[in-house]
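Here is the structure we will look at.
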Amino acid sequence: MKSSQIISHILNQPLFQKVKAADEALKVLALLGPTRFKLIKYVYVKENKIFAATEHAAYLQELKHDSNISLIKSLLKSYNEKNESSTLKEVNDVKFFQTKRPFELLKFYLPPIFPVAPKATSGFVNEAKDRAVFDAFEKLRETLKMCENLKRTAEKRARNG
């Protein structure tokens, strides 16, 4: 199964309808062209409106022109005609606003799906029976010891100034 098939399957679940709507809104706004699309920081869909955030007041002023809004509405209409399963069918307006905070503060972080394994240390027991494998693990142990020593000296230097 391809990754694009997996993603489309996930986005079709009811739990992710808002994510799918935001993704479709980005696709519609990408049709504006690269110069205008670069002005948009992020988008979301709420109450049958597309909300698009910009970082700078000049970007906001550029996007708020009536010609841009009417162009987006016509692109949205044609997008909905082409895509039968579009989540943007009820969307009838576009609003632009200037974000007050950098986008990095607005990101939400999901816990990792797979727990992150702890970093390897040189304190492992080498139970390899084959001599070549045993030697390879011993080389790995020496490399890990070297890394641990480098980390300790760097921490000491940072503490001592």
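Of note:
- Sparsely packed loop sites in segment 1-39 (the trypsin sites (Lys or Arg not before Pro) outside DSSP H, G, I, E and B with at most 14 other Cβ atoms within 10 Å) comprise K2, K38.
- In terms of overall dimensions, the chain has a Cα radius of gyration and Dmax of 25.8, 75 angstrom.
- From most to least packed by mean Cβ count within 10 Å, the peptides 141-147, 5-11 give 141-147, 5-11.
- Helix 17-30 axis, angle to the chain major axis (alpha carbon atoms, nearest 10°): 70
- Summing Lys and Arg as +1 and Asp and Glu as -1 over all other residues whose Cβ lies under 14 Å from the Cβ of G33 gives a net charge of +2.
- A Förster radius of 25 Å combined with the Cβ-Cβ distance from A158 to F124 puts the calculated FRET efficiency at roughly 0.35.
- Selected from A53, A136, A30 as most flexible by GNM, with the chain as the system and alpha-carbon contacts under 10 Å: A136
- DSSP beta bridges in the chain [antiparallel fraction, %, rounded to 5]: 50
- Listed residue pairs exceeding 21 Å between alpha carbons, taken from K18/K41; K2/K77; K20/K73: K2/K77
- Taking the helices alone, the chain has a mean residue ellipticity at 222 nm of -16500 deg cm²/dmol, built from -39,500 (n - 2.57) per DSSP H run of at least 4 residues and averaged over all its residues.
- Accessible surface of Y59, taken over heavy atoms with a 1.4 Å probe and every protein chain present, rounds to 90 Å².
- Accessible area (Å², 1.4 Å probe, nearest 10) - S74: 60
The values are calculated or read from the model by the stated rules, or taken from the named source; none is laboratory data. Keep in mind that this is a model prediction, so the values were computed, not measured. So basically every Cβ, Gly included, is an ideal-geometry build from the backbone, and we count neighbours across all protein chains shown. These accessible areas exclude ligands, DNA and RNA; they are computed on the full protein's heavy atoms, side chains included. Shrake-Rupley method; radii C 1.70, N 1.55, O 1.52, S 1.80 Å.
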